[in-house]
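Below: one structure, written as structure tokens.
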Amino acid sequence: MSDRDMITAEQFLPIGINYTKPKSPYPSTPNEYVKKTKVVLTLLGQWANYLPPYALARLAGLTKHHGYLTKVFDFNAESYHATKDLLPNHWQSNNVHKWIGQGYSTSTHGIYKQFLDDYVQRILFENPVVVGFSIYFTNLDTSKYVAQELKKFNPNIVIVFGGPECSTLSLKSTPESLTFTDYMVVGEGEEV
């Protein structure tokens, strides 16, 4: 409960009872290894460009709370604004087929690749230990590409996939098909 919530609650609770803020279950000072661990969280296109990456914001809040140096890249929104003229109609919800499988390979990747390569370099510039991807069915191909490129440049980067598509991926994928990922989070990322 935040201080603001506590103040609001006190306005509605009986007067004269002493309410105290609960103690945090988290350690107040992270160990030295945690302080030096850099985490990058990212959302690649194509996803709903009008929605902020709420899940990544929550995860970033938790990782920062525990002492990890964390950077979030909303490459989805950024690439929407950069490519909406280069990829006309690709960002409309009825054209998700242009971001999946063969449609992605033939009509999107050739143009979008230059942006993805730039994103790879921007992630590498942060010198992360861990890179987390928020995965949806429409950004799986772009995320796979970026993860593979990151591993080419730095095989020691830990790649984590999380998000709704991971439940499906874990059921239908073989370990060989996901060699560029080190971990896949199935379920609520905050809990894992």
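The values are calculated or read from the model by the stated rules, or taken from the named source; none is laboratory data. None of these values were measured; they are calculated from a predicted model. A quick note on method: Cβ atoms are made from the backbone with ideal geometry, for glycine too, and the neighbour counts reach across all protein chains shown. Side chains included, ligands, DNA and RNA excluded: accessible areas come from the protein's heavy atoms. Shrake-Rupley method; radii C 1.70, N 1.55, O 1.52, S 1.80 Å.
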Backbone HN-Hα couplings from phi across segment 79-96 [Karplus 6.51/-1.76/1.60, Hz, Gly and Pro as x]: 6, 4, 5, 7, 10, 4, 8, 6, 10, x, 6, 5, 8, 7, 4, 7, 10, 5
Within-13-Å neighbourhood charge of Ser107 [Cβ basis; K, R +1; D, E -1]: +1
Which of Asp182, Asp141 is most accessible, then next, and so on - probe 1.4 Å: Asp182, Asp141
Proportion of all alpha-carbon pairs of segment 37-192 beyond 27 Å (%): 18
Stretch gain in nm, segment Val186-Leu124, where the contour uses 0.36 nm per residue and the Cα spacing is subtracted: 19.8 nm
